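Student: Handing you a structure now.
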Amino acid sequence: QVQLVESGGGLVQAGGSLRLSCVASGIIFSIHSMAWYRQAPGKQRELVAVHTGSGTTNYADSVKGRFTISRDNAKKTVYLQMGSLNPADTAVYYCAATLGSHAYWGQGTQVTVSS
């Protein structure tokens, strides 16, 4: 059974930082692309950052220079270090693992940035 469990969300003031973690089980972690998505109230889910199995990273323009995605294959964990947070970053953040047509999702963790 595949499980992705996110943690690290919370309430932070504008300008602050948070680090999200996502621990995977039930998959061969190292060959999956790992990504973070977010969904704000009333908006569609959007891709925030992706870290492929080969080490390539990509970011949404809105978070470039502020967020960093990383992974530890030995711990089957992907991280999202978020800095210079602003209220527009408020959303539920989801971890996703993809390989070909297969995609697995975590339950999400809430990030709220107060002004």
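Student: With the structure loaded, tell me whether LEU47 is in contact with a Phe, Trp or Tyr (Cβ under 8 Å, 6 or more places away or on another chain) and without any contact (Cβ under 8 Å) to a residue 40 or more places away in the chain or whether it fails that test.
Tutor: yes
Student: Within the range 84-105, track down each residue that is open to solvent by less than 10 Å² (accessible area, probe 1.4 Å) and either under 26 Å from GLY16 (Cα atoms) or among the acidic types (Asp, Glu) (or both).
Tutor: Residues satisfying the conditions are LEU85, ASP89, ALA91, TYR93, CYS95, ALA96.
Student: I'd like the full set of residues that are open to solvent by less than 50 Å² (accessible area, probe 1.4 Å) and either aliphatic (A, V, I, L, M) or in contact with a Gly (Cβ under 7 Å, 6 or more places away or on another chain) (or both), limited to the range 1-29.
Tutor: Answer for the range 1-29, where residues must be open to solvent by less than 50 Å² (accessible area, probe 1.4 Å) and either aliphatic (A, V, I, L, M) or in contact with a Gly (Cβ under 7 Å, 6 or more places away or on another chain) (or both): VAL2, LEU4, GLU6, VAL12, LEU18, LEU20, SER21, CYS22, ALA24, ILE27.
Student: How many of the residues making up the range 61-83 are more than 20 Å from VAL23 (Cα to Cα), open to solvent by less than 20 Å² (accessible area, probe 1.4 Å) and not β-branched (Val, Ile, Thr)?
Tutor: 1
The values are calculated or read from the model by the stated rules, or taken from the named source; none is laboratory data. Every value quoted in this text rests on a predicted model; they were computed, and no experiment measured them. In this analysis, Cβ positions are derived from the backbone assuming ideal geometry, glycine residues included, and neighbour counts consider all displayed protein chains. The protein model used for the area step is the full one, side chains on, heavy atoms only, and it has no ligands, DNA or RNA in it. Shrake-Rupley method; radii C 1.70, N 1.55, O 1.52, S 1.80 Å.
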